Structure formats: C-alpha cells, structure tokens
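Structure first, commentary second.
The values are calculated or read from the model by the stated rules, or taken from the named source; none is laboratory data. Since this is a predicted model, take the numbers as computed values, not measurements. We place every Cβ from the backbone using ideal geometry, glycine too, and count neighbours over all the protein chains shown.
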Amino acid sequence: MVKSTITEFFDVNGPLSEVIEGYHIRPSQVEMSQMVDAAITNQEPLVVEAGTGIGKTFAYLAPALAAGGKVIISTATKNLQDQLFNKDIPKIREALKIPIKVNLLKGRANYVCQLRLDDSIQGGQFANKEDGAYLEKIKQFSDHSNSGEISEVENVPEFSTIWPMVTSTADNCLGQGCEFAKSCFLLKARKEALNAEVVIVNHHLFFADFMLKDEDISEILPKADTVIFDEAHQVPDIASIFFGNNFSTNELIYLMQDAQLLYDKLGKNQKKLIDIASGVQEEIKHLRLEFGSSSERVTFEKITNIDEFTEKLQSIHSSFEQLGKIFSLLDDQSPEQKKIMERYEGILEKLSHWLKEKNDQYVYWLDIFSKSIQFNMTPFSIAEGFGRFRKQNKISWIFTSATLAVNDSFDFFKNLMGLSDATSKKLNSPFDFKNNACLYVPNNMPDPNSSIFNLTIIKKTYPLIQAAKGRTFILSTSLKSMREISALLKSEFEEQGILIFLF
C-alpha cells in the first residue's frame, strides 16, 4: 500500500468505515500504518510504541495483508490471538476485499499425541485414580476428532496430571518417524499453517521454531515475508529463554517414565531402570527441600546452602549417568529408542553445565516450584544471535507494543534485540490519562511471594476502588493471584452492587 492508498483506506469514507460503521480514525493510526508499509516495502526493521487507543492492530494489519506474501504475527497472550483471528483480521480482510487464509497455530502441548496416548493406555501407570477415567475420555475424543485440540475435550480439568502423558514435547516427538505420522494432529495443524497466508503464533512458539530454523529444520518460518511482534515488550525475556540453556527436574522424571513405558513395550527387564529412577526421584525430592515449602525465584549466587545444593546436584548427576549404561543395551533401531537416547544425552549435557565453572556471559538462576526446580542459564544479551538470524533472513521485522521506550528512548530495547539499524517511533495515546486516571504505588508492602500479598493489596486499594465506584482494572501476574483477588473483592463489593469480572 502506498501512502495515498493507506490514507484512503483509513478515511472516514474509506473501505474500513464501510465495514465498521462509525469507526473513529486517528492521525497516529494512519502514521503508524504508513511506517509499517514502508518497512515492509523496503524490508527494514521497525520499532513502534503505540499507546493505548491508537488502534495498532489495524495499523499493521492493513499494510501487511495488502502487501501479500506470508505474514507471521506473534503475540504474548491468547486473548490477543483470539482477537486477531476472530475479529480484527476478518474485518481488514473484508475491507480490502482479498481472500486470505488465516491460521492460528498453537504449541504442541495443545494437541493430543496418538503415540503417547497409546503408550499410556498400554502402560497403565497413572499419578492418581482419576487419570485412568480421564484417559478413556481422551481416547474417545481422539478417535473422533479432526483437530485433536485438548481444549475441546470435555470434563477433563485443564491442570490434570494426565495431559503430559498424552501430549508431546519437542524432546519426545518422533516427527515423521512416528507410526502415527499420517494421522498426527500436530503435523496436520503445521501443514495447514504452511498453506496459510497469515499465521498467528505466540512468542514461545515463534522462538521454539526460530531455534529449529537455526538448525535448518524450521516448521513455520521458511516462507515468511513479514514478521510482526505485537506485545513486543515481552520478546527479549522470552527469546533469552530459547537462547539460553534451560531444563527442569521434571524433564528427568518424564524421561525415566517414558523409558519405563518403552521397556514395557519392548518386553525388557525394567528392574535396574526402576531402581535408578526411584533413586533419582528421591534425590530430586531432597534437592527441592533445600528451598523450604515456598515457591520462589533465586539466582545461583544467592542459594543459602550452595555447597549442599551443589553436592546434591552432583549426586543426581552421578545417578543419572548410570542410565546411560542401561540405555546402551538397547538395540537402537526404533525411532523411540533413538529419541530416548537423544533426550538422555541432552539432559545430561545441560545438567553438567551446572557443575562446571560458570560462564560470565550468562546469568544462572532457579525457578522453585512446589515439586520441581527449573534450571535457567540465560545470556545477558541475545543481540548477536538474533542479529545473525535477521541477516540470514532478509524479510520485514515489525516490533510494536504500548510500552517499549524508556524515557522516550528505544535504545534499551534495540540494544537487547540487536536492532541498531531499526527505525523507531513513539506514538502517544490519545487518552487523557493525566486528568482521567490515578496512579497509586502503595508503601510497606510484603514480599510478592508472601501469602498475604494479595490481601494487603486489596486492603490498601479498597478506598480507591470505593471512591471510583468500581471502575477499576487489576492486572495480575498469575491465574492463581487473579482468582484470589477476585474472591477477596467479591466479599467486599458484591453487596454494594459492584460487579467483579474475570478475563
């Protein structure tokens, strides 16, 4: 789209206003659209901070869809994905009067894996009695579903322990070597994505595929002409995970569980395998207890009993090494056997990194969960790796969000992402926040991980919410916090006729 065409498209009498009656066009929206159009035409990187109310999705969708070629839109939240897929793109497509196939591609954990489902049925080993009943429901669904999306399975809780047993990960997926490859729900979804002009993904899926691209086995990126990161302020943190070296104690446990299922399938003696697995699981339990009962995030240097921690980690490493001798007895013929060995070697290498001298180009930190530990080795900068990837892929890269600049400067974001050559622009929100909103930062707050944090928040903000007669937006960092805050608010305000909504 050229400049005049964009202006006409967003005109009060233009094609967009015909599709959306009374649509309010803002000059900043037209300006952003023109910048996106220029970046796509010249295959240049662009960073745009578009304040709330500008209408940035329409601003980047119009030129991107009109330009043709394959467009990948990466977001951070499911809500924005649904908005793009169900509302925004259909309206722009109608206004432009062009037939464009759009695909919303989800991560592999959203699809039933027929091989793992079959193995779980044969193995019959469940974490609790409910999983057996859930497994039967999933089997019935799998036999009659076209999509295989687990969100469509009724009466199986979202957080059930059965899901990891019937879905795949990048580590255990056999790809084209799987006996169910022809009917695989995931491969079918990926094939549909390759045939679509517009593919919507989340940042995690994009960078998971990005790393495969670096190994020349990418699944969704080869044909991209334009990549748009919406909610781009989250990209550096998410990208750093994939450029780093990360693993969880759960990965060790899942590997040993899958190995036991494989041995059972092959009719091999599992005694030594079970003995080692039990020992490793017990050692993982003891390692977790080093951090008490609370969940937290801690850097390696701040671990209280670092010598004991290292000693226990060394013990896990030594026990885990013994699995290699057992796996070496496999005939290594089937794709499943080869995959088990690949996973084992990959985890062992990552585990070994934590026992070596630390690399000063990385920060080492832990996420402590109720029953597991996530080990994170994150690079201080992804600029070099991402910059190298961009040079290999001469396409248009668009980064946009409502919050990208720091003190009106994009240097911090651009340096993190290696975007020194990117054009950047800050477009302020048309809303008068100064006269219509209140920013309140409470003092003397407990630690965010404290059990009374949410209760304290409600107590301190109660007068403000009451003065505003509701009309308050509370953004939580987790579903657990959101539900707890909602429950606390309901007990305080529902009798006053103030409704509480969860999104």
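Working only within the range 468-492, note down all residues that are over 23 Å from Ser450 (Cβ atoms) and either β-branched (Val, Ile, Thr) or not assigned by TED's automatic domain parsing to the domain that holds Thr456 (or both).
Within the range 468-492, no residue meets the criteria.
Tell me, yes or no, whether the range 113-128 has at least one residue that is within 20 Å of the chain's Cα centre (by Cα) and buried (at least 20 other Cβ atoms within 10 Å of the Cβ).
Within the range 113-128 (the criterion being within 20 Å of the chain's Cα centre (by Cα) and buried (at least 20 other Cβ atoms within 10 Å of the Cβ)), the answer is yes, since at least one residue qualifies.
Can you list the helices (runs of 4 or more DSSP H) lying wholly within the range 404-503 that have 2 or more residues being aromatic (Phe, Trp, Tyr)?
Counting at least 2 such residues, we get 411-417, 453-467.
Kindly list the number of the only condition in (1) on the phi > 0 side of the Ramachandran plot; (2) assigned to a helix (DSSP H, G or I) that fails for Leu117.
(1)
Quick test for you: out of Leu261, Leu287, Leu273, pick the one residue that is surrounded by 11 or more Cβ atoms within 10 Å (Cβ to Cβ) and touching a Gly at 6+ places or on another chain (Cβ under 8 Å).
Details: Leu287 fails: touching a Gly at 6+ places or on another chain (Cβ under 8 Å); Leu273 fails: touching a Gly at 6+ places or on another chain (Cβ under 8 Å).
Sole residue among the options that is surrounded by 11 or more Cβ atoms within 10 Å (Cβ to Cβ) and touching a Gly at 6+ places or on another chain (Cβ under 8 Å): Leu261.
Yes/no matrix, rows are residues, columns are (1) crowded, with 18+ Cβ neighbours inside 10 Å; (2) free of Cβ contacts under 8 Å to residues at least 60 places away in the same chain:
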{"site": "Ile6", "(1), (2)": "yes, yes"}
{"site": "Phe10", "(1), (2)": "yes, yes"}
{"site": "Ile20", "(1), (2)": "no, no"}
{"site": "His24", "(1), (2)": "no, yes"}
{"site": "Pro27", "(1), (2)": "no, yes"}
{"site": "Pro45", "(1), (2)": "yes, no"}
{"site": "Val71", "(1), (2)": "yes, no"}
{"site": "Ser74", "(1), (2)": "yes, no"}
{"site": "Ile98", "(1), (2)": "no, yes"}
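Of the conditions (1) under 29 Å from Phe229 (Cα atoms); (2) more than 25 Å from the chain's Cα centre (by Cα); (3) among the charged types (D, E, K, R), Arg471 clears all except one; give me its number.
With respect to (1) under 29 Å from Phe229 (Cα atoms); (2) more than 25 Å from the chain's Cα centre (by Cα); (3) among the charged types (D, E, K, R), Arg471 is out only on (1).
Consider Leu135 carefully, then state whether it is under 24 Å from Phe229 (Cβ atoms), among the aliphatic types (A, V, I, L, M) and surrounded by 14 or more Cβ atoms within 10 Å (Cβ to Cβ).
So Leu135 fails the test.
Does any residue of the range 429-446 turn out to be over 30 Å from Phe399 (Cβ atoms) and touching a Gly at 6+ places or on another chain (Cβ under 9 Å)?
No, the range 429-446 contains no residue that is over 30 Å from Phe399 (Cβ atoms) and touching a Gly at 6+ places or on another chain (Cβ under 9 Å).
Residue check: is Ser147 in a helix (DSSP H, G or I), of a type in the set (Ser, Thr, Tyr) and touching a helix residue (DSSP H, G or I) at 6+ places or on another chain (Cβ under 7 Å)?
no
This table checks each residue for (1) basic (Lys, Arg); (2) crowded, with 17+ Cβ neighbours inside 10 Å; (3) under 25 Å from Ala76 (Cβ atoms).
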site: Pro379; (1), (2), (3): no, yes, yes
site: Glu384; (1), (2), (3): no, no, yes
site: Arg390; (1), (2), (3): yes, yes, yes
site: Thr400; (1), (2), (3): no, yes, yes
site: Leu404; (1), (2), (3): no, yes, yes
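Taking the condition of being out of contact with any Leu (no Cβ under 6 Å at 6 or more places or on another chain), in contact (Cβ under 8 Å) with a residue 60 or more places away in the chain and under 23 Å from Tyr254 (Cα atoms), how many residues in the range 176-197 meet it?
Final tally of qualifying residues: 5.
Note down all Cβ pairs under 8 Å where the first residue falls in the range 128-144 and is within 17 Å of Thr167 (Cα to Cα), the second is among the small types (Gly, Ala, Ser), and they're at least six residues apart or on different chains.
Going by the 8 Å Cβ cut-off, the qualifying pairs are Asp131/Ser160; Gly132/Gly124; Tyr134/Ser160; Leu135/Ser120; Ser142/Gly148.
Could you grab me the full set of residues in the range 16-34 that are among the acidic types (Asp, Glu) and either part of a helix (DSSP H, G or I) or modelled with pLDDT of 90 or more (or both)?
Within the range 16-34, Glu18, Glu31 qualify.
Mind telling me which of the residues Lys182, Lys191 ends up being basic (Lys, Arg) and modelled with pLDDT of 90 or more?
Sole residue among the options that is basic (Lys, Arg) and modelled with pLDDT of 90 or more: Lys182.
Taking Phe229, is it over 20 Å from Asp118 (Cα atoms), modelled with pLDDT of 90 or more and either charged (D, E, K, R) or not in a loop (DSSP other than H, G, I, E, B) (or both)?
Against the criterion (over 20 Å from Asp118 (Cα atoms), modelled with pLDDT of 90 or more and either charged (D, E, K, R) or not in a loop (DSSP other than H, G, I, E, B) (or both)), Phe229 qualifies.
Please specify each residue of the range 138-176 satisfying the condition of being acidic (Asp, Glu), within 25 Å of the chain's Cα centre (by Cα) and either surrounded by 14 or more Cβ atoms within 10 Å (Cβ to Cβ) or farther than 22 Å from Gln257 by Cα (or both). Show your work before the answer.
Of the residues in the range 138-176, the ones acidic (Asp, Glu) are 143, 149, 152, 154, 158, 171.
Okay, now just the ones that are also within 25 Å of the chain's Cα centre (by Cα), so 149, 152, 154, 158, 171.
Listed by number, the residues that qualify are Glu149, Glu152, Glu154, Asp171.
Testing Leu84 on (1) touching an Asp or Glu at 6+ places or on another chain (Cβ under 9 Å); (2) exposed (fewer than 14 other Cβ atoms within 10 Å of the Cβ), one condition comes back false. Which one is that?
(2)
In the list Ser334, Ser328, which residue meets the criterion of being under 30 Å from Lys271 (Cα atoms), among the hydroxyl-bearing types (Ser, Thr, Tyr), loosely packed, with under 13 Cβ neighbours inside 10 Å and out of contact with any helix residue (DSSP H, G or I) (no Cβ under 7 Å at 6 or more places or on another chain)?
Numbers: Ser334 fails: loosely packed, with under 13 Cβ neighbours inside 10 Å.
Only one candidate passes the filter, namely Ser328.
Which residue, of Asp447, Asp432, Asp421, is surrounded by fewer than 16 Cβ atoms within 10 Å (Cβ to Cβ), assigned by TED's automatic domain parsing to the domain that holds Phe399 and among the acidic types (Asp, Glu)?
Asp421
Would you be able to say whether some residue in the range 202-217 is crowded, with 18+ Cβ neighbours inside 10 Å, in contact (Cβ under 8 Å) with a residue 40 or more places away in the chain and not in a helix (DSSP H, G or I)?
Yes, the range 202-217 contains a residue that is crowded, with 18+ Cβ neighbours inside 10 Å, in contact (Cβ under 8 Å) with a residue 40 or more places away in the chain and not in a helix (DSSP H, G or I).
Which of the residues belonging to the range 357-375 are under 14 Å from Ser295 (Cα atoms) and part of a loop (DSSP other than H, G, I, E, B)?
Phe369, Ser370, Lys371, Ser372
Right, Val47: under 24 Å from Glu197 (Cα atoms) and assigned by TED's automatic domain parsing to the domain that holds Phe413 or not?
Judged against the criteria, Val47 is a match.
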